[in-house]
Number of protein chains: 2
Amino acid sequence: MKIKDIGEQGLLKRLKSFCPHDIIGDDAAVLSIDPQQQLVVTTDVLVDRIHFSQQTTPPDSVGWRAIAANLSDLAAMGASPVGITVGLSLPGNLSVDWVGRLYQGMSHLLAEYNTPIIGGDICRSEVITVSITALGQVYPNHTIKRSTAQPGDVILTTGYHGMSRGGLELLLNPSLAKNLGNKIQDRLIKAHQYPKPRLDLLPHLWEIMKTHTITGMDSSDGLGDAVVQICTMSGVGAQIQLSNLQCVSMISQWFSSEQALNWVLYGGEDFELVLCLAEEKAKKLVEIIGQEAKIIGKIVEEKSVKLIDGDQEQALSLTASFQHFS
Amino acid sequence: MKIKDIGEQGLLKRLKSFCPHDIIGDDAAVLSIDPQQQLVVTTDVLVDRIHFSQQTTPPDSVGWRAIAANLSDLAAMGASPVGITVGLSLPGNLSVDWVGRLYQGMSHLLAEYNTPIIGGDICRSEVITVSITALGQVYPNHTIKRSTAQPGDVILTTGYHGMSRGGLELLLNPSLAKNLGNKIQDRLIKAHQYPKPRLDLLPHLWEIMKTHTITGMDSSDGLGDAVVQICTMSGVGAQIQLSNLQCVSMISQWFSSEQALNWVLYGGEDFELVLCLAEEKAKKLVEIIGQEAKIIGKIVEEKSVKLIDGDQEQALSLTASFQHFS
């Protein structure tokens with residue numbers, strides 16, 4: 001059944017049955033924000049054939065990823081989610097089932113954080129567009145900024161990078177799978193289709209922030225982009241040890257080492273956190289998170305971002321990361 | 001110059017110069033909400049060739065209308081605006097000037113209410129899509145609902161209806177202009193391109209709400225839709241006197257009387273408020289607003305919405321108003 005067969009009201013009714021506790025439609029939603037906390041707002045737009053495709057992203061993954069991107073923005077600020085709104089533009093000949101599965105994917109991830117869909121709008125368009133605005137709340141002393149990194153801080157990544165990009169490659173070129181075991185295939189594809197925002201780490205970060213500053217952002221636009229942005233905003237530089245980018249050697253087993261390095265630095269959409277903090281606190285955090293977390297380098301005074309491989313070094317550039325309209 | 005010539009970063013830089021005090025980009029924004037008030041959130045999506053077109057809507061009008069629709073939703077709840085986020089999907093071959101003018105239109109209307117753009121996202125798409133989320137705040141006892149209308153209330157409209165639809169008709173069929181004076185043409189076109197949300201009325205409504213209930217919503221989907229929705233949500237009915245729909249006779253001077261009635265009831269996008277309240281308070285409100293405001297009928301117990309013309313009556317239907325996907 002297609003959307004145009006049941007119309008706007010029919011679709012809204014159908015979506016209500018998919019998300020019984022959610023409010024969908026044009027109504028404004030009322031929320032109470034903890035008066036001790038500040039409100040945080042972030043918006044992310046996903047467009048068909050730019051951010052997802054039939055070949056790489058089933059509808060529930062489109063919904064999951066749209067939510068993950070927004071919740072990851074909140075996590076990167078130190079904020080807990082309060083609710084989200086969903087603005088959908090959909091072609092009339094899209095199947096109702098597709099939209100239902102989109103909402104299932106969104107609801108599935110939102111349920112893990114008890115976060116409701118609090119409103120939205122649905123309209124007709126030739127191109128599927130999913131625009132999510134996420135609202136969160138954060139105590140002022142728990143707010144993570146991008147501009148407070150200092151020489152002496154180490155740089156910590158909370159998980160593997162390049163995995164989402166590797167999964168995308170596998171989905172685009174299924175013949176690559178013959179070189180890979182099932183377990184690795186599943187892992188790469190899951191990294192691409194169902195990434196997890198790192199809201200789970202917030203209690204640990206808030207604890208550290210009682211006595212120490214944490215600077216950071218998420219790696220949605222790539223690990224390289226995150227380090228360069230933090231350095232630019234903080235007026236500092238960074239040195240990253242290639243040998244600490246553990247994913248490079250891991251991904252090199254399956255793809256070329258050049259691809260591996262490129263994906264780790266510029267692949268994006270791994271939705272991990274890139275944090276700058278005192279070494280002692282970073283080491284504690286690595287212990288808590290486990291082997292996927294890694295101290296990859298340090299913040300320095302000299303304002304350039306360098307990737308160091310033994311006695312060789314190269315400067316990281318922003319332009320290699322994903323840019324729209326280029 | 002086209003967007004693809006300057007890329008995403010170039011566009012963001014350019015937009016910053018159009019709205020110097022605004023934050024545009026992927027960053028989450030931090031806001032403080034008055035702890036005495038509740039947060040209200042509303043989302044509206046506008047799509048090229050569905051909600052606007054090159055022929056009828058210059059880019060600054062697209063921006064203005066997107067903001068007006070969202071601020072009108074807030075006004076209909078009794079809420080003051082706090083900030084908005086803008087999710088844009090744009091084709092790479094769109095001119096940078098178009099986007100600049102879009103932001104000028106948004107900024108122009110937002111400036112009247114000291115409301116900042118607090119964040120957003122820009123990405124590539126084949127179809128221009130503008131997704132706005134507006135945040136507002138409202139004291140619990142100032143919240144206007146749709147579900148509290150009672151028999152005995154009168155129904156008040158805060159301004160003319162059908163004007164926006166008349167303006168659209170004139171823009172689509174410029175030859176109609178030869179029957180109309182310049183002043184009327186300007187007025188109809190302005191009603192379509194630069195509608196004003198009725199935030200100006202909130203202080204008067206809050207004053208009334210100290211002692212009396214006000215039920216209401218905005219007429220963005222048409223006056224008929226608003227009355228039917230309020231009645232459905234409140235479990236009541238309504239009687240509207242055709243003779244009180246002052247715009248019908250006004251618009252009939254220029255278009256057919258059948259078109260006039262259709263546009264007044266179902267045209268939509270006039271962004272006035274449709275309020276149900278005690279007659280005595282409604283009369284006071286008409287005095288304050290002036291001749292454009294009118295008491296058009298009353299709420300009754302019998303659950304149907306009737307349009308009364310002398311001793312004739314007809315039932316209003318929801319299906320005649322604008323529905324997506326139909």
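The values are calculated or read from the model by the stated rules, or taken from the named source; none is laboratory data. Predicted model, so just to flag it, every value in this text is computed and none were measured. In this analysis, Cβ positions are derived from the backbone assuming ideal geometry, glycine residues included, and neighbour counts consider all displayed protein chains.
Determine, yes or no, whether A:PRO116 is within 20 Å of the chain's Cα centre (by Cα) and closer than 23 Å to A:GLN291 by Cβ.
For A:PRO116, the condition - within 20 Å of the chain's Cα centre (by Cα) and closer than 23 Å to A:GLN291 by Cβ - is not met.
Pairs under 6 Å by beta carbon, first residue surrounded by 10 or more Cβ atoms within 10 Å (Cβ to Cβ) in the range B:310-323, partner among the aromatic types (Phe, Trp, Tyr) and modelled with pLDDT of 55 or more, six or more apart or different chains?
B:ALA320/B:TYR266; B:SER321/B:TYR266
In the range A:32-44, which residues are in a strand (DSSP E or B) and either of a type in the set (S, T, N, Q) or farther than 30 Å from A:GLN185 by Cβ (or both)?
Answer for the range A:32-44, where residues must be in a strand (DSSP E or B) and either of a type in the set (S, T, N, Q) or farther than 30 Å from A:GLN185 by Cβ (or both): A:GLN38, A:LEU39, A:VAL40, A:VAL41, A:THR42, A:THR43.
Scan the range A:87-116 for residues that are among the hydrophobic types (A, V, I, L, M, F, W, C) and in contact with a helix residue (DSSP H, G or I) (Cβ under 7 Å, 6 or more places away or on another chain) and jot them down.
A:LEU90, A:LEU94, A:VAL96, A:TRP98, A:VAL99, A:LEU102, A:MET106, A:LEU109, A:LEU110
Identify all residues within the range B:36-45 that are facing chain A (nearest Cβ under 8 Å) and either touching a helix residue (DSSP H, G or I) at 6+ places or on another chain (Cβ under 7 Å) or farther than 14 Å from B:VAL130 by Cβ (or both); write none if there are none. Please lay out each step first, then the result.
Here is the first cut: in the range B:36-45, the residues facing chain A (nearest Cβ under 8 Å) are B:38-45.
Matches in the range B:36-45: B:GLN38, B:LEU39, B:VAL40, B:VAL41, B:THR42, B:ASP44.
Can you name the number of the only condition in (1) more than 8 Å from chain A (Cβ to nearest Cβ); (2) under 22 Å from the mean Cα position of the chain (by Cα) that B:GLY152 fails?
(2)
Go through the residues of the range A:245-258 one by one and say whether even a single one is of a type in the set (Asp, Glu) and within 23 Å of A:PRO195 (Cα to Cα).
no
Just name the residue that is surrounded by the fewest Cβ atoms within 10 Å (Cβ to Cβ) out of those in the range B:86-99 that are out of contact with any Gly (no Cβ under 9 Å at 6 or more places or on another chain) and over 15 Å from B:SER61 (Cα atoms).
B:ASN93
Can you name every residue in the range B:84-105 that is within 17 Å of the chain's Cα centre (by Cα) and within 22 Å of A:ASN70 (Cβ to Cβ)?
B:ILE84
Could you grab me the full set of residues in the range B:203-214 that are surrounded by fewer than 23 Cβ atoms within 10 Å (Cβ to Cβ) and either small (Gly, Ala, Ser) or not in a helix (DSSP H, G or I) (or both)?
The answer is B:LYS210, B:THR211, B:HIS212, B:THR213.
Scan the range B:147-155 and give yes if some residue there is in contact (Cβ under 8 Å) with a residue 24 or more places away in the chain, over 27 Å from B:VAL305 (Cβ atoms), surrounded by 18 or more Cβ atoms within 10 Å (Cβ to Cβ) and not basic (Lys, Arg), otherwise no. Please lay out each step first, then the result.
If we filter the range B:147-155 for residues that are in contact (Cβ under 8 Å) with a residue 24 or more places away in the chain, which is where we start, we get B:147-155.
This time we only want the ones that are over 27 Å from B:VAL305 (Cβ atoms), so: none.
Checked against the condition, which is being in contact (Cβ under 8 Å) with a residue 24 or more places away in the chain, over 27 Å from B:VAL305 (Cβ atoms), surrounded by 18 or more Cβ atoms within 10 Å (Cβ to Cβ) and not basic (Lys, Arg), the range B:147-155 yields no hits at all.
Considering the range A:35-76 alone, what residues qualify as being in contact with a Gly (Cβ under 7 Å, 6 or more places away or on another chain) and of a type outside the set (Asp, Glu)?
A:VAL40, A:VAL41, A:THR42, A:THR43, A:VAL45, A:PRO59, A:SER61, A:VAL62, A:GLY63, A:TRP64, A:LEU74, A:ALA76
Across the range A:119-138, what is the number of residues that are assigned to a loop (DSSP other than H, G, I, E, B) and surrounded by 21 or more Cβ atoms within 10 Å (Cβ to Cβ)?
Of the residues in the range A:119-138, the ones assigned to a loop (DSSP other than H, G, I, E, B) are A:125-128.
Going one step further and asking which of them are surrounded by 21 or more Cβ atoms within 10 Å (Cβ to Cβ), we end up with A:125, A:128.
Result for the range A:119-138: 2.
I want to confirm something. Restricting to the range B:234-270 and keeping residues that are buried (at least 24 other Cβ atoms within 10 Å of the Cβ) and small (Gly, Ala, Ser), which single residue is farthest from B:ASP218 (Cα to Cα)?
Among them, the one singled out is B:ALA238.
Please enumerate the residues belonging to the range A:139-155 that are within 25 Å of A:VAL228 (Cβ to Cβ), out of contact with any helix residue (DSSP H, G or I) (no Cβ under 6 Å at 6 or more places or on another chain) and not in a loop (DSSP other than H, G, I, E, B).
Listed by number, the residues that qualify are A:LYS145, A:PRO151, A:ASP153, A:ILE155.
Six or more apart or on different chains, Cβ under 7 Å: which pairs go from a residue in the range B:169-197 that's more than 21 Å from B:ALA66 (Cβ to Cβ) to one that's charged (D, E, K, R) and at pLDDT below 95? Could you list them?
That search, which allows pairs on different chains as well, returns B:LEU176/B:GLU169.
Looking only at the range A:91-118, filter to residues that are more than 8 Å from chain B (Cβ to nearest Cβ) and part of a strand (DSSP E or B); which one of those is farthest from A:PRO197 (Cα to Cα)?
Within the range A:91-118, the subset more than 8 Å from chain B (Cβ to nearest Cβ) is A:91, A:93-117.
Right, trim to part of a strand (DSSP E or B) and you get A:95, A:117.
Details: A:SER95: 29, A:ILE117: 17 Å.
By that ranking, first place goes to A:SER95.
Tally up the residues in the range B:100-112 that are over 12 Å from B:VAL86 (Cα atoms) and surrounded by 21 or more Cβ atoms within 10 Å (Cβ to Cβ), please.
Our first condition is that a residue be over 12 Å from B:VAL86 (Cα atoms); within the range B:100-112, this holds for B:100-101, B:104-105, B:108-112.
This time we only want the ones that are surrounded by 21 or more Cβ atoms within 10 Å (Cβ to Cβ), so: B:105, B:109-110.
Total satisfying the criteria: 3.
Do you know which of the residues in the range B:268-299 that are of a type in the set (A, V, I, L, M) and either out of contact with any strand residue (DSSP E or B) (no Cβ under 8 Å at 6 or more places or on another chain) or at pLDDT below 95 (or both) is farthest from B:ARG187 (Cα to Cα)?
By that ranking, first place goes to B:ILE288.
Can you find, within the range B:119-135, the residue that is farthest from B:LEU74 (Cα to Cα) among those that are within 7 Å of chain A (Cβ to nearest Cβ), within 21 Å of the chain's Cα centre (by Cα) and not β-branched (Val, Ile, Thr)?
B:SER131
If you go through the range A:51-70 one residue at a time, how many are in contact (Cβ under 8 Å) with a residue 24 or more places away in the chain and either part of a loop (DSSP other than H, G, I, E, B) or at the interface with another protein chain (Cβ under 8 Å from one of its Cβ atoms) (or both)? Walk me through how you get there before you give the answer.
Taking the range A:51-70 and keeping what is in contact (Cβ under 8 Å) with a residue 24 or more places away in the chain, we get A:55-70.
In the following step, the residues that additionally are either part of a loop (DSSP other than H, G, I, E, B) or at the interface with another protein chain (Cβ under 8 Å from one of its Cβ atoms) (or both) were identified as A:55-58.
The number of residues fulfilling the criteria is 4.
Against the condition under 22 Å from B:GLY310 (Cβ atoms), among the small types (Gly, Ala, Ser) and modelled with pLDDT under 95, how does B:SER256 come out, does it pass?
yes
Yes or no: the range A:136-146 includes at least one residue that is over 30 Å from B:THR85 (Cβ atoms) and away from every other protein chain (no Cβ under 11 Å). Give the derivation first.
Taking the range A:136-146 first, the residues over 30 Å from B:THR85 (Cβ atoms) are none.
So far as the range A:136-146 goes, no, none of its residues is over 30 Å from B:THR85 (Cβ atoms) and away from every other protein chain (no Cβ under 11 Å).
Yes/no per residue for (1) in contact with a Gly (Cβ under 9 Å, 6 or more places away or on another chain); (2) within 30 Å of B:SER107 (Cβ to Cβ):
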| site | (1), (2) |
| --- | --- |
| B:LEU172 | no, yes |
| B:ASP200 | no, yes |
| B:THR211 | no, no |
| B:SER220 | yes, yes |
